[in-house]
Amino acid sequence: MKEILQYLFNHHTLSKSEAKATMIEIAQNKFNSAEVTAFISVFLMRNITLNELKGFREALLQMAVPVNLYTHDTLDIVGTGGDGKNTINISTLAGFVVAGAGQKVAKHGNYGASATTGSSNVMEELGYQFKNNSDQLNEDLEKANICFLHAPYFHPALQSVGALRKALGLRTFFNLLGPLVNPAKPQYSVIGVYNLEIARIYQYLLQKENQEFILLHGLDGYDEISLTQDSKIITQNTEEIYSAEDLGFHPVTPESIQGGESPKESARIFRNILEGKGTESQNSVVLANAATALYHTRKFGTYEDSLQLARESLHNGKALRSLELLING
């Protein structure tokens, strides 16, 4: 590792093969915590390159615990995290709304590293038992229309650096890898990104793979459609900026979509929203992301049709039913 660090400190970047080899060795615990921390710190001082991202991603997917779902017609809606906004768990909430609307969801998530509460924190607090058995995940998908994949259960490297990331409490390049390494390989990926430079790297990587994707970025720094300002939505072939009104909503304030200060509080807010007790702002931001995800599949008609389905899922208890079936069977 010393040679790699010296190379990087001299303002060089890694090739794809070098990045892949290094990530494999990190997963195998070949380096001590100081060395890994120093390695991670390099990417706090500069952006990751496309080749580095490709190499890290290839390593994680190569080492991942395999998942075999009975259908590939699944969707993941996930953010990079690390935007520092401490919002409610928008993408996870939207995932249940999407599931309630009829689209199968393979949600990939993790504990919060740079945020108070990640999707795994909330799911655990709500009583969900993490699984890495394909049969059990298929059962969840069949009964609840959604399954949840806790990233460290599938990725040895994420498990090995989990404590380090939490101790650092900063956004690292691992935030960028999470949305790209869902072991279920969903057909549709809806990915929120915290800045446009990262969006460009994602766009290039995913276009090369001919993968169905949509990238979401709130122009005031959110890794999702926040409705606090305009949002940029990027697909394989288009880039558009949408206002809250364009998406069928009134603008909201940052304060109105704040999350909890603890996993327990975040889980309470999460359940309240699915139980129909959310505020107009909370409901709006969840519905905007869910409707965009549904529309992305091109199976549910126009955006307005998708929004109507999302509203029915949330307000008629279908999203809540998906949560209850997932947790309680």
Legend entry - Summed residue charge, Cβ within 11 Å of residue 70's Cβ, Lys/Arg positive, Asp/Glu negative: -3
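About the Cα centre, and with charges only on the beta carbon of Lys, Arg (+1) and Asp, Glu (-1), how big is the dipole of the chain? Nearest 20 debye, please.
Dipole magnitude for the chain comes out near 700 debye.
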Inset, instruction - Please find the FRET efficiency linking residue 44 to residue 209, where r is the Cβ-Cβ separation and R0 is fixed at 30 Å, and quote it to the nearest 0.05. - result: 0.65
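Solvent-accessible area per residue for the stretch 75-328 at a 1.4 Å probe radius, Å²?
Value returned for the stretch 75-328: 37 Å² of accessible area per residue.
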Inset, instruction - Measure nothing but the geometry: give the 0 to 90° angle between the long axis through the Cα atoms of 196-208 and the longest principal axis through the Cα atoms of the chain, rounded to 10°. - result: 90 degrees
Inset, instruction - At 7 Å along the Cα-to-beta-carbon direction for both residue 28 and residue 219, put a label point, then send me their distance in nm to one decimal. - result: 4.8 nm
Inset, instruction - Quick one: check the C-alpha center-to-center distance for the stretch 53-101 versus the stretch 248-268, whole angstrom. - result: 20 Å
Legend entry - Which listed pairs, of 131/208; 20/166; 20/264, have C-alpha distances above 27 Å, in listed order: 131/208; 20/264
Legend entry - Peptide ranges 193-206, 136-149, 96-109 listed from the most packed, as the mean C-beta count within 10 angstrom indicates: 96-109, 136-149, 193-206
Legend entry - In nm, spacing of pseudo-spin labels at residue 138 and residue 264 (7 Å Cα→C-beta vector): 4.0 nm
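How large is the dipole of the stretch 152-238 about the Cα centre if only Lys and Arg carry +1 and Asp and Glu carry -1, each at its Cβ, rounded to the nearest 20 debye?
Approximately 320 debye in magnitude.
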Inset, instruction - Using only Cα atoms, tell me the angle between helix 156-168 and the longest principal axis of the chain; keep it within 0 to 90° and round to the nearest 10. - result: 90 degrees
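Please compute the contact order of the stretch 1-63 in relative form: average sequence separation of alpha-carbon pairs under 8 Å and at least six residues apart, divided by the residue count, as a percent.
Values: 46 pairs, mean separation 33.3, N = 63.
Relative contact order, the stretch 1-63: 53 percent.
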Inset, instruction - Please report, to one decimal in angstroms, the Kirkwood hydrodynamic radius of the stretch 1-63 built from all distinct Cα-Cα pairs. - result: 11.7 Å
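Given the rule -39500 (n - 2.57) for each run of at least 4 DSSP H residues, summed and divided by the residues of the chain, what is its mean residue ellipticity at 222 nm, to the nearest 500 deg cm²/dmol?
-15000 deg cm²/dmol
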Inset, instruction - Take peptides 301-312, 237-248 and line them up by average Cβ neighbours within 10 Å, highest first, as a rough protection proxy. - result: 301-312, 237-248
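Show me 223-233, 33-43 ranked by packing, highest mean number of other Cβ atoms within 10 Å first. Each step should come with its number before you reach the end.
On the way: 223-233: 24.2, 33-43: 16.4.
Ranked from most to least packed, the peptides come out as 223-233, 33-43.
For an R0 of 56 angstrom, estimate the FRET efficiency from the Cβ-Cβ distance between residue 12 and residue 70 and round to the nearest 0.05.
Details: r = 45 Å, r/R0 = 0.81.
FRET efficiency, residue 12 to residue 70: 0.80.
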Legend entry - Straight-distance crosslink candidates among aspartates and glutamates, where the alpha carbon sits under 20 Å from residue 2 and sequence neighbours closer than 8 are dropped: 18, 25, 35, 52
Inset, instruction - For the chain, find the longest principal axis of its Cα atoms and tell me its angle to the long axis of helix 50-63, 0 to 90°, nearest 10. - result: 80 degrees
Legend entry - Charge dipole of the chain about the Cα centre (unit charges at C-beta), most positive-ward option of 243, 281, 296: 296
Legend entry - Counted charge near residue 102, where neighbours are those whose Cβ lies closer than 15 Å (Asp, Glu -1; Lys, Arg +1): +3
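The values are calculated or read from the model by the stated rules, or taken from the named source; none is laboratory data. Everything numeric here is computed off the predicted structure, so don't read it as measured data. As a convention, Cβ positions derive from the backbone with ideal geometry for all residues, glycine included, and neighbour counts pool all protein chains shown. Areas reflect the complete protein model, heavy atoms only, side chains present, ligands, DNA and RNA absent. Shrake-Rupley method; radii C 1.70, N 1.55, O 1.52, S 1.80 Å.
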